[in-house]
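The values are calculated or read from the model by the stated rules, or taken from the named source; none is laboratory data. This structure is a prediction, so every number in the text was calculated from the model and none was measured. Cβ sites come from the backbone with ideal geometry, for glycine too, and all protein chains shown count toward neighbours.
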Amino acid sequence: MLEAQVTADSSGVVDDLFARFGAPCFSSQPTPDNTPTLWVEREKLLEVLRHLHKDFPMLLDLFGIDERLREHKPEAAQDFTVVYHLLNLEAREEIRIKVGVTANDASVPSAHQIWPNANWYERETWDMFGVEFSGHPNLRRILLPPTWEGHALRKDHPARATEMEPFSLDEEKQAAEQEALLFKPEEWGMARATEDTEFMFLNLGPNHPSVHGVFRIALQLDGEVIVDAVPDIGYHHRGAEKMGERQTWHSFIPYTDRIDYLGGVMNNLAYVMAVEQLAGIEVPPRAKVIRIMMAELFRISSHLVFYGTFAQDVGQMSPVFYMFADRERLFGIVEAITGGRMHPAWFRIGGVAQDLPEGWHRLVGDFIDSMPKRLDHYQTMAMDNSILKQRTVGIGDYTTEDALAWGITGPSLRATGMDFDLRRDRPYGGYDQFEFEVPVGNRGDCYDRAVVRVEEIRQSLRIIRQCLDNMPEGPYKSENKLATPPPKERTLQDIETLIHHFLSVSWGPVMPAGEASFPIEATKGINNYHLVSDGGTTSYRTRIRTPSFPALQQIPDYSRGLLIADLIAIIASIDFVMADVDR
């Protein structure tokens, strides 16, 4: 049995587990983010997870850690760790369950029958770490090609192309790669025909405007009716989590911009706040409000892209041009403040890169003053359009219970009637100082998913107005020695600050050993960075939980029995980005 380490701040959930299974079954791990983290024996894992399911209907994330080179690893850790991050939205509670396995016996039981979205997460963990999940219905690669050798997030796998043999592709290898890409229905439990029907199989994507990126869905069709669908992802995988292990803490910030590349600094926010939690850095009030203002500007930018392409996918050509014109105006403001547009990489550990420039108040004010009337016009042009409604009302609907089971968060969850928003219900970064409404739907269909996002634009304008009217004075960055970079003006005054500046920029700050995660309400749902520090200048493990990944996994569940045209409307209503899925 693992030795129990009961902490004084154990939550009621932890006490309940100890009472049900006995404290000796668990080992508690303290973390800087104060999330209850318990290690459990593999033999007890499924029993514990089933018991937790009644209080934690959402599996927020499931991922692996290669512990073999970690110096400051927990006592209960073995060669590999599988982490289950569970979330109770109604009680605003979360818990982590960990199980350790050895390299010679890297296997744990599958949890896909408890949480259906565990299917893809387990496939990803096997793909990246080689951990087997016994009882999984189809354990195969998901992000890497089927011909890939090795497991990319293991510490002994190369992190750079220069560490590998030069790539070559002869005719024989090319033929083998092409053969591996062929869709074989039998491998997915699909019949090619029945006694009275012969099914057709159709590739939708990976290069098709309606799939919003390199995303492929293999459809099993009876005429034009969808019998089944197999989402195929990984074409956009760039190894962002692997990059996080080789970049210094601050030099990884620009990489986060490329995850949800429509979310801009919103990507920086979850990452830098996780780092700040590890280091105990307090961010000044002015920096907090600047961050919120920029994050909400990018929420509007992202939702405008959704709004225009959503209307376009269901048959309207005009709206996207209007909405992209507004987005260009918004980018002009972003560029004036940060120097960048889509990917400013402007947030820093401890604050932001620079203070607001002269004239920012007028630029932002003009934009938020003009947007409400334009949104009223778009409502008439798009959302009130009878054809758009016919294509989307009652299509692709699912319940709150379904959404929680599949790990759906953000506007798509709120469209089912679930009144939950991290900014209000578990406020972070200063959001507790702002007044805004949380839009919700009631049908959970394609139309409601659009309605919620449209109303969120108005609420973001409301938040930005409060930033405009109540911007605090003071520093834009923490003076904590781990903030990056330190104040440059002081480098000209004393050698100690100059040396500190040089080391912090060239090598990066040294973060205390520990683990912390920070979930935020990103444009598409909950975005969460789980960071493991081994007391060095780089992250030992960077896990990026994105909202788009589980959203695509759910597609087969609510597209069966519909038409291909309905599937296009469903895809449009999800609001995903393939870089957010594949990372």
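Observations on the model:
- Cβ-Cβ distances below 7 Å connect the following pairs, each with a first residue in segment 200-225 that is not assigned by TED's automatic domain parsing to the domain that holds LEU567 and of a type in the set (Lys, Arg), a second residue that is crowded, with 19+ Cβ neighbours inside 10 Å and assigned to a loop (DSSP other than H, G, I, E, B), and a separation of six or more residues or different chains: ARG216/GLY205.
- Residues in segment 282-299 that are farther than 13 Å from GLN354 by Cα and of a type in the set (Val, Ile, Thr): VAL283, VAL289, ILE292.
- Meets criteria (of a type outside the set (A, V, I, L, M), assigned by TED's automatic domain parsing to the domain that holds SER27 and assigned to a strand (DSSP E or B)) for ARG96: yes
- Residues that are in the same structural domain as ALA572 (by TED's automatic domain parsing), surrounded by 22 or more Cβ atoms within 10 Å (Cβ to Cβ) and within 20 Å of ILE520 (Cβ to Cβ) are absent from segment 309-317 altogether.
- Candidate set from segment 232-251 (those that are part of a helix (DSSP H, G or I) and basic (Lys, Arg)); member that is surrounded by the fewest Cβ atoms within 10 Å (Cβ to Cβ): ARG246
- The single residue among GLY332, GLY340, GLY359 that is at pLDDT below 90, of a type outside the set (D, E, K, R) and either outside the structural domain of MET381 (by TED's automatic domain parsing) or closer than 25 Å to ASP469 by Cβ (or both) turns out to be GLY359.
- Filtering VAL454, VAL438 for residues that are out of contact with any His (no Cβ under 8 Å at 6 or more places or on another chain) and of a type outside the set (Asp, Glu) leaves a single hit, VAL438.
- Looking across TRP148, TRP120, one residue alone is of a type outside the set (Ser, Thr, Tyr) and in the same structural domain as VAL40 (by TED's automatic domain parsing). It is TRP120.
- Yes/no for ASP421 being surrounded by fewer than 21 Cβ atoms within 10 Å (Cβ to Cβ) and acidic (Asp, Glu): no
- Annotation: of all residues in segment 496-527 being surrounded by fewer than 19 Cβ atoms within 10 Å (Cβ to Cβ) and aromatic (Phe, Trp, Tyr), the one that is nearest to the chain's Cα centre (by Cα) is TRP507.
- Flag for GLU67 being assigned by TED's automatic domain parsing to the domain that holds MET128, surrounded by 15 or more Cβ atoms within 10 Å (Cβ to Cβ), modelled with pLDDT of 90 or more and closer than 16 Å to VAL131 by Cβ: yes
- Among residues of segment 113-130 being within 22 Å of the chain's Cα centre (by Cα) and in a loop (DSSP other than H, G, I, E, B), the one that is farthest from ASP580 (Cα to Cα) is ILE114.
- Close pairs (6 angstrom Cβ cut-off, 6 or more residues apart or separate chains): closer than 19 Å to LEU182 by Cβ in segment 131-151, hydrophobic (A, V, I, L, M, F, W, C) and at pLDDT below 90 anywhere: PRO146/ALA180; THR147/ALA180
- On the stretch given as segment 252-285, residues that are over 23 Å from GLN459 (Cβ atoms) and assigned to a helix (DSSP H, G or I) total 12.
- Any hit, segment 290-300, residues being closer than 30 Å to ALA513 by Cβ and part of a helix (DSSP H, G or I): yes
- Subset tally (residues that are part of a loop (DSSP other than H, G, I, E, B) and among the polar types (S, T, N, Q)) for segment 513-565: 4
- Residue within segment 317-332 that is farther than 24 Å from PRO357 by Cα and not in a helix (DSSP H, G or I) present: yes
- Only residues that are without any contact (Cβ under 8 Å) to a residue 60 or more places away in the chain and either on the phi > 0 side of the Ramachandran plot or in a loop (DSSP other than H, G, I, E, B) (or both) were counted across segment 378-430, and they come to 9.
- Looking only at segment 505-549, residues that are in contact with an Asp or Glu (Cβ under 6 Å, 6 or more places away or on another chain) and aromatic (Phe, Trp, Tyr) come to 1 in all.
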